[in-house]
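Trainee: Take this structure, written in structure tokens, and hold onto it; I'll ask about it next.
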Amino acid sequence: MEKRVELSLLMDFYGPLLTEKRRDVMRLYCDEDMGLQEIADRLEISRQGVYDAVKTAAAALEHYEEVLGLADRYLRIGREIKACRELLSSVKAEPDSERALADAMRALERINGIER
């Protein structure tokens, strides 16, 4: 996974744990895909300050993920839900099992909704 995409995912889970300044820098860096100088100009801080904020915030986000593992859990559950959907859609339902298959598919959708 590309580093900015990975950091963006970690921001979704752990961004609120960062300071407001670091959160703002990371949003511009990850979500707006801005370069260090662009962020420095926008926030009226030095390029070095932006670099330090990105480096420190990235380390904190990676530490939170290492300890808590929420993003990895989210991705793994998503893969398993997709696999279950594919398996269920490949099953030819008999008249007496059609409802059970439909219920199982709806249950997967509810699980997916919980995780999103």
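The values are calculated or read from the model by the stated rules, or taken from the named source; none is laboratory data. This structure is a prediction, so every number in the text was calculated from the model and none was measured. We place every Cβ from the backbone using ideal geometry, glycine too, and count neighbours over all the protein chains shown. Heads up: the accessible areas ignore ligands, DNA and RNA and are worked out on the full protein's heavy atoms, side chains in. Shrake-Rupley method; radii C 1.70, N 1.55, O 1.52, S 1.80 Å.
Trainee: Over 5 Å intervals from 0, what percent of Cα-Cα pairs in region 1-98 sits in each interval?
Mentor: Binned Cα distances yield the sequence 2, 12, 19, 17, 12, 8, 7, 5, 5, 4, 3, 2, 1, 0.
Trainee: Now, a different point. May I ask you to give the solvent-accessible area per residue for the chain, in square angstrom, as obtained with a 1.4 angstrom probe? Before the final figure, lay out each step's value.
Mentor: On the way: 8020 Å² over 116 residues.
It amounts to 69 Å² per residue over the chain.
Trainee: Separate question: Over region 20-116, what relative contact order in percent results from Cα pairs under 8 Å that are six or more residues apart? Mind showing how you got there, number by number?
Mentor: Numbers: 41 pairs, mean separation 18.6, N = 97.
Across region 20-116, relative contact order equals 19 percent.
Trainee: Let me ask you something else. Using R₀ = 30 Å, calculate the FRET efficiency as 1/(1 + (r/R₀)^6) where r is the Cβ-Cβ separation of Glu20 and Asn112; round to 0.05. Before the final figure, lay out each step's value.
Mentor: Working: r = 32 Å, r/R0 = 1.06.
With a Förster radius of 30 Å, E is 0.40.
Trainee: Points 7 angstrom from Cα along the Cβ direction at Ser89 and Leu75: gap in nanometres?
Mentor: 2.3
Trainee: Leaving out ligands, DNA and RNA, what percent of the accessible area of the chain is carbon and sulfur, probe 1.4 Å?
Mentor: Details: 4090 of 8020 Å².
The value for the chain is 51 percent carbon and sulfur by accessible area.
Trainee: Please list, by residue number, every one of the chymotrypsin sites (Phe, Trp or Tyr not before Pro) in region 1-99 that is coil in DSSP and has at most 16 other beta-carbon atoms within 10 Å. Walk me through the intermediate numbers first.
Mentor: Numbers: sites: Phe13, Tyr14, Tyr29, Tyr51, Tyr64, Tyr74; in loops: none.
When the chymotrypsin sites (Phe, Trp or Tyr not before Pro) of region 1-99 are filtered for loop state and at most 16 Cβ neighbours within 10 Å, nothing remains.
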